[in-house]
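What follows is a single structure, written as structure tokens, with notes after it.
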């Protein structure tokens, strides 16, 4: 099972598309954790509506402590063998998790990575591309995810999730600890 952690804050305009893109994955063994980080708009209500429709969705409401804290809440409650992150203002392709998981298993690699596509942006900055390429060959554990600090398509195992540190905007930084402000 993949636990998909979605921090939610002030994204009412995008949230439905995000959740639908996760629900419509060809790989269906998902636990979808929507972490409402004290969003002042209707995000919490939208999350609860989806949780009533699909038993794979669990909603957690917290006070606003920021993106990193919301992700850490998700990590603490995740039950899946794999961890995925999707930013709540993003959407993912229907077969993303199926492909990433298959490639991870076929190649016995530790991290499964796919390209980032941003609407209105013609190319990924070179710095990000090099970082993602480096991560694909790291040998610390098997990883599976979408949206690690705005880098969709990096996937992690829960077992070693505490060994990677991500820092905004689109940079994967040094090892340990996971997600600090």
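Tabulated data
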| item | result |
| --- | --- |
| Out of 30, 67, 34, sole residue that is at pLDDT below 95, within 19 Å of residue 3 (Cα to Cα), under 15 Å from the mean Cα position of the chain (by Cα) and buried (at least 18 other Cβ atoms within 10 Å of the Cβ) | 67 |
| Among (1) farther than 14 Å from residue 27 by Cβ; (2) at pLDDT below 90; (3) not in a loop (DSSP other than H, G, I, E, B), the one test that residue 105 misses | (1) |
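The values are calculated or read from the model by the stated rules, or taken from the named source; none is laboratory data. Bear in mind the structure is a predicted one, so any value in this text is a computation, not a measurement. Glycine also receives a Cβ, built like all others from the backbone with ideal geometry; neighbour counts cover every protein chain displayed.
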